[in-house]
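Engineer: Pasting a structure below so you can have a look.
Please treat every number below as a calculation from the coordinates, not as lab data. Bear in mind the structure is a predicted one, so any value in this text is a computation, not a measurement. In this analysis, Cβ positions are derived from the backbone assuming ideal geometry, glycine residues included, and neighbour counts consider all displayed protein chains.
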Amino acid sequence: MRFIYITLSFLLILYSCSSSSTLPNKQLSYLALGDSYTIGESVAENKRWPVQLTQKLKNSGYMMQSPKIIAKTGWRTDELLTAINEQVGQEKYDLVSVLIGVNNQYQGQDLEQFQKDLEVILQQAIQKSKKGAKGVFVVSIPDYSVTPFAQNSNVDEIAHEIMIYNERCMITSADYGVKYFYITDISEEAKTNLELVAKDGLHPSAKMYLRWVERIFPSVKQMLEE
């Protein structure tokens, strides 16, 4: 029995050491680029999805710095690019996320210009990533056609255009070798569940952002471990 006890204790120590060794033992940094969806318009600061993602990583044993968020309500791709050039500097990050494009669609901007801007944004994101493309991920654009805000508009047209923008995001992500996370189907649930919509009737609620985080978390965790 003593031999079995010693053996089991040794195996538990070995497992504990091997498990902890898979986690980085230094502070990890995260840069989140985007617009109102990334800055978390109409939700508390700690309910923004990049902040919720960071907290979930902390809860899983990762030493995470607070995310650096470069995002503003209403920003198009060109405005995000200007902000990246002005605010990011030379620092590199362990994770970089991109969620952009809804304001290009909403303002009726040229789709081909969106494509060109998106490519430059991804090039910049890859350059700011410590792991290059392996440290970058893109999140799809939510479908706001189902929100109360859009009900006096052509909701079918909005949904169709968001689909086209997301196709460009998906293809461009693949072209640059970065992960693409599709959360648009979650946003569409707001059509029948207003708990997923913030009080402004347009943006996601904290509960919806949590749903996004729960979906992307396993893959983001894997990105940190690679």
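Engineer: Cut-off is 10 Å between beta-carbons; in what order do Met208, Met64, Met223, Met170 appear when sorted fewest neighbours first? Provide the component values of the computation, followed by the final result.
Structural biologist: Working: Met208 25, Met64 22, Met223 19, Met170 15.
The fewest-first ordering by Cβ neighbours comes to Met170, Met223, Met64, Met208.
Engineer: Ok, one more. May I ask you to list the trypsin sites (Lys or Arg not before Pro) in the stretch 112-173 that are in a DSSP loop and have at most 14 other Cβ atoms within 10 Å of their Cβ?
Structural biologist: The qualifying sites are Lys130.
Engineer: Which Cα, out of Ala159, Asn193, Val146, lies furthest along the positive dipole direction of the stretch 146-226 (beta carbon charges, K/R +1, D/E -1)?
Structural biologist: Farthest towards the positive pole: Asn193.
Engineer: I would also like to ask the following. Where the only charges are on Cβ atoms (+1 Lys, Arg; -1 Asp, Glu), what is the dipole of the stretch 25-225 about its Cα centre, to the nearest 20 debye?
Structural biologist: Computed about the Cα centre, the dipole is about 1160 debye.
Engineer: Fewest first, what order do Arg48, Arg215 take by the number of other Cβ atoms within 10 Å?
Structural biologist: Arg215, Arg48
Engineer: Write down the percent of antiparallel bridges among all DSSP beta bridges whose residues are both part of the chain, to the nearest 5. Don't skip to the end; give the middle numbers.
Structural biologist: Working: 1 of 18 bridges.
Bridges in the chain that DSSP calls antiparallel: roughly 5 percent.
Engineer: Mean residue ellipticity at 222 nm from the helices of the chain, using -39,500 (n - 2.57) per DSSP H segment of n ≥ 4 over the full residue count, to the nearest 500 deg cm²/dmol?
Structural biologist: Calculated at 222 nm, the ellipticity per residue is -16000 deg cm²/dmol.
Engineer: Any chance you could check the Cα centroid distance between the stretch 140-198 and the stretch 57-97 for me, in angstrom?
Structural biologist: If we compute the Cα centre of each part, the gap is 21 Å.
Engineer: For the chain, list log₁₀ I(q)/I(0) at each q in 0.12, 0.13, 0.18 Å⁻¹, using the Debye formula over Cα point scatterers of equal strength and ignoring solvent, two decimals each.
Structural biologist: -0.65, -0.74, -1.34
Engineer: For a quick check: sort Val120, Val43 by the number of other beta carbons within 10 angstrom, fewest at the front.
Structural biologist: Ordered by Cβ neighbours within 10 Å, fewest first: Val120, Val43.
Engineer: Under the 0.36 nm per residue contour assumption, what length would be gained going from the current alpha-carbon distance of Lys207 and Gln123 to full extension?
Structural biologist: Additional length available on full extension: 27.1 nm.
Engineer: Quick check: residue separation of Ala44 and Gln113 times 0.36 nm, minus the Cα distance between them. What number comes out in nm? Don't jump to the answer; show the numbers that get you there.
Structural biologist: Values: separation 69, 0.36 × 69 = 24.84 nm, distance 3.29 nm.
The span from Ala44 to Gln113 would gain 21.6 nm if fully extended.
Engineer: State the three equivalent ellipsoid semi-axes of the stretch 116-194, derived from the C-alpha gyration tensor as the square roots of 5 times its eigenvalues, in descending order and whole Å.
Structural biologist: The answer is 29, 13, 9 Å, longest axis first.
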